[in-house]
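Scroll down for the structure; my scribbles are underneath it.
The values are calculated or read from the model by the stated rules, or taken from the named source; none is laboratory data. Bear in mind the structure is a predicted one, so any value in this text is a computation, not a measurement. Glycine also receives a Cβ, built like all others from the backbone with ideal geometry; neighbour counts cover every protein chain displayed. Note: accessible area is taken over every heavy atom of the protein model, side chains too, but ligands, DNA and RNA are not part of it. Shrake-Rupley method; radii C 1.70, N 1.55, O 1.52, S 1.80 Å.
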Number of protein chains: 2
Amino acid sequence: MRKNRVTHSAQLKDEDIRSHALFRAGTPEFIASLEACARAKSYEKGRTLFLHGDAADSFYLMRSGWVKLYRETVDGTQAVVDIVTQGHIFGETSIFEDGRYPYSAEIVEPATMIVLPIETLKNEIENNRKLALDMLRSMARYRRQQDLEIEHRSLQNASQRIGCFLLSLIDQYEQGALQIHLPYDKMLVASRLGMQPETFSRALAKLRDQTGIRIKGSTVEIDSASQLTDYSCGACSSEFPCKDSEAKE
Amino acid sequence: MRKNRVTHSAQLKDEDIRSHALFRAGTPEFIASLEACARAKSYEKGRTLFLHGDAADSFYLMRSGWVKLYRETVDGTQAVVDIVTQGHIFGETSIFEDGRYPYSAEIVEPATMIVLPIETLKNEIENNRKLALDMLRSMARYRRQQDLEIEHRSLQNASQRIGCFLLSLIDQYEQGALQIHLPYDKMLVASRLGMQPETFSRALAKLRDQTGIRIKGSTVEIDSASQLTDYSCGACSSEFPCKDSEAKE
């Protein structure tokens, strides 16, 4: 029985920056300039990195841990935009938001990351056609994922959406039995999926009853991916294996 | 009492192409090449322009009418991605989707548009840094709107979401009483908002009772925008006047 591929302790190698897809088209001068200013940082759970609307001077490349990106409604409710981990970059779109962060960022599991100067990226995007194109491709992929997310919130029930989330955590080409570890607290998974905690608990129990998956604490055991795909993927316009889901985590 | 600014019969001027924000940074050669290949077309209601996954050779600049962009789930249910009108461009992101349309397009109100060759746009994006940057900015704006849409589907109730939709149809800086015309069929508004028809009807009645707006067929009369903003905007992370909402329609 294999474990899902997301591990908390895993760290990227020293080539973090030059191996990242977003920087692949960067000029040598750009990479050197990024590396010269890069700072490796560790953060404890609960730390707020920045708030929605703050002036943005840095963006972040994650090496490990989990960060919640969120916004607050006027009434004070939190809306989770995303929960990101190893290999993810965040804060970079402030370049297109008048230099201000479009969400707040809070550490939800102890995290290490590389802090990078946003001005350097902005200059490169403005002057390096290939990097701008890579960023366009990345934005288009994100747009497709968001379209799917909006679709799911209309057409899938809560249990199907949890099934879809679990599928996003596995290697989709893996055959046979799998053990899926929830990467962070169940209540966070609920908020990532835009559900109230009690809705999430009920929907998870229903998913178990309908599909025969086994839930032990924060571990879910399945006999094969089809247990979940049969239940969740009919109410989706994408097909399994699902490149949009895979790219999400 | 003013009417909302979206009118069906309005047409863009002959400078459609060169005045559009997406082409503003285009080279004279690019604009000339687009104009040389541009075809003005009229379509009747019900016509399917293309299907999700079709090879994309054209993209579309709308002059009037309404087009529904949608995808179908494996079970055959329709998920509406957007409903677009005058001034909107669609089909262009197939450039980043292996040359295939990422959704289907169907005429839902008689429409006129300019059909343009996608290869010409692709070449220009790859070779014109400024146009690529403009497209990045446009994608970032769309991303922010989608974030807000996802947030609304979690945190706003159905009546608040209808209120938000109505606010997107008005000039947000207008003072006093306003008459808002639903731009297309109520059932289409429901599907645009990802609601079942019966949910929509109930939620619209509740919105009327809670805010005192008056509904006459497909026209909604309000005494001032605050009637709707007081009700809808507390459960949103954006503030009114709302640039994300305004850009949507």
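Sort through B:Ile150, B:Ile170 and tell me the only one that's in contact with a Lys or Arg (Cβ under 8 Å, 6 or more places away or on another chain), open to solvent by less than 50 Å² (accessible area, probe 1.4 Å), among the β-branched types (Val, Ile, Thr) and within 14 Å of another protein chain (Cβ to nearest Cβ). It would help to see each step written out before you state the result.
On the way: B:Ile170 fails: within 14 Å of another protein chain (Cβ to nearest Cβ).
So the residue among B:Ile150, B:Ile170 that is in contact with a Lys or Arg (Cβ under 8 Å, 6 or more places away or on another chain), open to solvent by less than 50 Å² (accessible area, probe 1.4 Å), among the β-branched types (Val, Ile, Thr) and within 14 Å of another protein chain (Cβ to nearest Cβ) is B:Ile150.
Sort out which residues of the stretch A:86-100 are open to solvent by 10 Å² or more (accessible area, probe 1.4 Å), more than 12 Å from chain B (Cβ to nearest Cβ) and either charged (D, E, K, R) or out of contact with any Leu (no Cβ under 6 Å at 6 or more places or on another chain) (or both), and write them in order of number. Let's see the steps before the verdict.
Pass one, the stretch A:86-100, residues open to solvent by 10 Å² or more (accessible area, probe 1.4 Å): A:86-89, A:92, A:95-100.
Imposing the further condition that a residue be more than 12 Å from chain B (Cβ to nearest Cβ) reduces the set to A:86-89, A:99.
Matches in the stretch A:86-100: A:Gln86, A:Gly87, A:His88, A:Gly99.
Residues are listed down the side, and each one gets a yes or a no for (1) within 29 Å of A:Ile180 (Cβ to Cβ); (2) within 12 Å of another protein chain (Cβ to nearest Cβ); (3) at pLDDT below 95:
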{"position": "A:Glu119", "(1), (2), (3)": "no, no, no"}
{"position": "A:Leu133", "(1), (2), (3)": "no, yes, yes"}
{"position": "A:Ala140", "(1), (2), (3)": "yes, yes, yes"}
{"position": "A:Arg143", "(1), (2), (3)": "yes, yes, yes"}
{"position": "A:Arg161", "(1), (2), (3)": "yes, yes, no"}
Next item on the list: Would you confirm whether any residue within the stretch A:101-123 is assigned to a helix (DSSP H, G or I), surrounded by fewer than 21 Cβ atoms within 10 Å (Cβ to Cβ) and either at positive phi or in contact with a Leu (Cβ under 8 Å, 6 or more places away or on another chain) (or both)?
Entry: yes
Item checked: Those residues of the stretch B:44-55 which are closer than 30 Å to A:Glu239 by Cβ and open to solvent by 20 Å² or more (accessible area, probe 1.4 Å), in sequence order -> B:Gly46, B:Arg47, B:Thr48, B:Leu49, B:Leu51, B:His52, B:Gly53, B:Asp54, B:Ala55
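Restricted to the stretch B:193-212, and to residues that are more than 17 Å from B:Leu228 (Cβ to Cβ) and open to solvent by less than 40 Å² (accessible area, probe 1.4 Å), which residue is nearest to the other protein chains (Cβ to nearest Cβ)?
B:Gly194
Please determine, by comparing only the residues of the stretch B:213-244 that are among the hydroxyl-bearing types (Ser, Thr, Tyr) and away from chain A (no Cβ under 14 Å), which one is farthest from the chain's Cα centre (by Cα).
First, the residues of the stretch B:213-244 that are among the hydroxyl-bearing types (Ser, Thr, Tyr): B:218-219, B:224, B:226, B:229, B:231-232, B:237-238.
Then drop every residue that is not away from chain A (no Cβ under 14 Å), which leaves B:218-219, B:224.
Working: B:Ser218: 19, B:Thr219: 19, B:Ser224: 24 Å.
Applying the filter and picking the extreme gives B:Ser224.
Let's see how each residue does on (1) in contact (Cβ under 8 Å) with a residue 12 or more places away in the chain; (2) within 19 Å of A:His152 (Cβ to Cβ); (3) out of contact with any Lys or Arg (no Cβ under 9 Å at 6 or more places or on another chain):
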{"site": "A:Ala177", "(1), (2), (3)": "yes, no, no"}
{"site": "A:Tyr184", "(1), (2), (3)": "yes, no, no"}
{"site": "A:Val189", "(1), (2), (3)": "yes, yes, yes"}
{"site": "A:Gln196", "(1), (2), (3)": "no, yes, yes"}
{"site": "A:Arg208", "(1), (2), (3)": "no, no, no"}
{"site": "A:Ile222", "(1), (2), (3)": "yes, no, no"}
{"site": "A:Ala225", "(1), (2), (3)": "yes, yes, yes"}
{"site": "A:Pro241", "(1), (2), (3)": "yes, yes, yes"}
Check: From the residues in the stretch B:141-188 that are aromatic (Phe, Trp, Tyr) and touching a helix residue (DSSP H, G or I) at 6+ places or on another chain (Cβ under 8 Å), which one is farthest from A:Glu97 (Cα to Cα)?
Finding: B:Phe165
